[in-house]
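One structure is given here, and the rest of the page talks about it.
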Amino acid sequence: MNIVLVRHGETRLNAARVIQPADTPLGERGRAQARAVARRLAAARPAPAAILSSDLPRALETAAEIAAAAGGLELQVTALLRERNFGALRGQAFDSLDYDPLATAEAPPGGESADEFEARVVRAFEDMLARRARLDGDLVVVSHGLVIRTILSRHARYPAGVGAPERLANTSVSIVSARPPHEVVLAGCAAHLDAASSDDGRGLVGF
């Protein structure tokens, strides 16, 4: 059985390349993306057994669409799946900064360091493996770009000759085996999005 990782739908601040406050909701296109990935997962076979989500609104709204489309799939929530906390940088335009916060190990004022964030992702991955083990089916996990990227690069293994995707589009789907060595079955697939719901590739991934 597998863990199905889903990035949340697009927000207005994603598209505007702004580092997002925690309470940022989905935008109109993000809601359309959430409905599209929900239809995709509702049609999947075997059907998902449960869904686990970050408690931030943009992820929780996406997860709620998936749960509803699957006929009331059980929805669980955890703060472990939150995006890295960029503290005082939240609300600022990424392109106005003279450095890349993603490349900085130190914690921004009021935020998380890279080490603190990665330690939390370890706990999140252990938690999702434990939850999946109690299910008779796949676990869908709705989270954020940096969380998913860290799981794929540090806690899973790509098959020989397969590399990480260049970016994780909003509502992209990645699948990781729940059994060690946690091989990547699918990475960053957004085939469920049509031209109207796809983004332009410029939005931020990881904020």
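Between rounded, prolate and oblate, where does the stretch 93-207 land on the alpha carbon gyration tensor, with a ≥ b ≥ c its root eigenvalues, rounded for a/c under 1.5, else prolate if a/b exceeds b/c? Verdict is oblate for the stretch 93-207. Beta bridges from DSSP with both residues in the chain: antiparallel share about 40 percent, rounded to the nearest 5.
Phi angles of the stretch 178-194 translate, via the Karplus equation with coefficients 6.51, -1.76, 1.60 and θ = phi - 60°, into HN-Hα couplings of 6, 9, x, x, 6, 5, 6, 8, 8, 9, x, 8, 10, 5, 6, 8, 9 Hz per residue; Gly and Pro are given as x. For the stretch 177-207 versus the stretch 95-127, the spacing of their alpha-carbon centroids is 21 Å. Around Glu126, under 12 Å between beta carbons, what's the net of Lys plus Arg minus Asp minus Glu among the other residues? Net charge around Glu126: +3.
Relative protection proxy for 163-169, 48-54, from highest mean packing down: 48-54, 163-169 (other beta-carbon atoms within 10 angstrom).
Positive-end ranking of Val184, Gly201, Ser174 along the dipole of the stretch 159-207, with charges on Cβ about the Cα centre, is headed by Val184.
Distances between placed amide hydrogens fall under 5 Å for Asn85 paired with Glu112, all partners being 5 or more residues away or on another chain.
When you count the other C-beta atoms within 10 angstrom of each residue and take the mean per peptide, 32-44, 99-111 line up highest first as 32-44, 99-111. Residues whose amide H falls under 5 Å from that of Asn2, counting only those 5 or more places apart or on a different chain, are Asp138, Leu139, Ala178, with hydrogens built in the peptide plane. With contacts taken as Cα pairs under 8 Å and at least 6 residues apart, the stretch 61-151 reaches a relative contact order of 33 percent.
For the stretch 1-140, averaging the sequence separation of C-alpha pairs within contact (under 8 Å, six or more residues apart) and dividing by the residue count gives a relative contact order of 31 percent. Under 5 Å from the amide H of Glu183 lie the amide H atoms of Arg157, Ser177, each residue being 5 or more positions distant or on a separate chain, with H modelled from the backbone and absent for Pro and chain starts.
With a sphere of radius 13 Å drawn around the Cβ of Phe94, what net charge do the other residues whose Cβ falls strictly inside it have (Lys, Arg +1; Asp, Glu -1)? Around Phe94, the surrounding residues sum to 0.
Beyond 28 Å, what share of the Cα-Cα pairs of the stretch 2-189 remains, rounded to the nearest whole percent? Every Cα pair in the stretch 2-189 considered, those over 28 Å come to 20 percent.
Where a number appears in this text, it was derived from the coordinates with a stated rule and is not lab data. Remember, it's a predicted structure, so these values are computed and weren't measured experimentally. As a convention, Cβ positions derive from the backbone with ideal geometry for all residues, glycine included, and neighbour counts pool all protein chains shown.
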